[in-house]
Amino acid sequence: MANPTFEKKLFQEVSEFLTAKGYGILVEQVRDELATGRLSEEKIQTLKEVEGRSIGLLSETEFKRSQSADFVRRDDYSDAESVVLLLEASKRAIIDGAAMASQIKGALENLQIHGLAFASEENDEDSYELPMENIPDLAEANRQASEIETLIRQIRTQ
């Protein structure tokens, strides 16, 4: 059995960490993307379009009836690309979301609002309050984003 690469191990460890923290759906979506692969459109030329190519088995009329076509080509992601995809998805879903919440918190505090209450019109049991202190600090979210971006750059340059 082949030894798993560093990137495969890292992907597995980050996946397990995210799943344990309640972000299993994120890991699942990244795995779905990896299974689909990188898709690109590719034009297939007819024999007539290929310069300098002659095939004596086909008559000229067959060349004229040929039409070029666009096909979808699928390529697998490399192990390093897989880790980058997982880290970028994590950053967008978790850290960028925290930064957005922090910016909203700042705007609300400027309006002298110190908490949010969400009330259900149908059922009082579904209502809840969100104190502002539960919203992360923007500087911390930006620091975490910077750390992940540094890690992504390191993986890409290896």
With the first residue restricted to the stretch 124-148 and required to be assigned to a loop (DSSP other than H, G, I, E, B), and the second required to be among the hydroxyl-bearing types (Ser, Thr, Tyr), Cβ contacts under 8 Å at 6 or more apart or on different chains are SER127/SER120; ILE135/SER102; PRO136/SER102; ASP137/SER102
I'd like the full set of residues that are more than 25 Å from LEU26 (Cα to Cα) and loosely packed, with under 12 Cβ neighbours inside 10 Å, limited to the stretch 128-148.
TYR128, GLU129, PRO131, GLU133
Considering (1) modelled with pLDDT under 80; (2) β-branched (Val, Ile, Thr); (3) loosely packed, with under 13 Cβ neighbours inside 10 Å, say which one ILE113 fails and leave the rest.
(1)
Please verify whether the stretch 5-23 includes one or more residues that are more than 24 Å from ARG92 (Cβ to Cβ) and either in a loop (DSSP other than H, G, I, E, B) or at pLDDT below 85 (or both).
yes
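The values are calculated or read from the model by the stated rules, or taken from the named source; none is laboratory data. What you see is a predicted model; the values in this text were computed from it and never measured. When we count neighbours, we look across all protein chains shown, and the Cβ atoms used for this are built from the backbone with ideal geometry, even at glycine.
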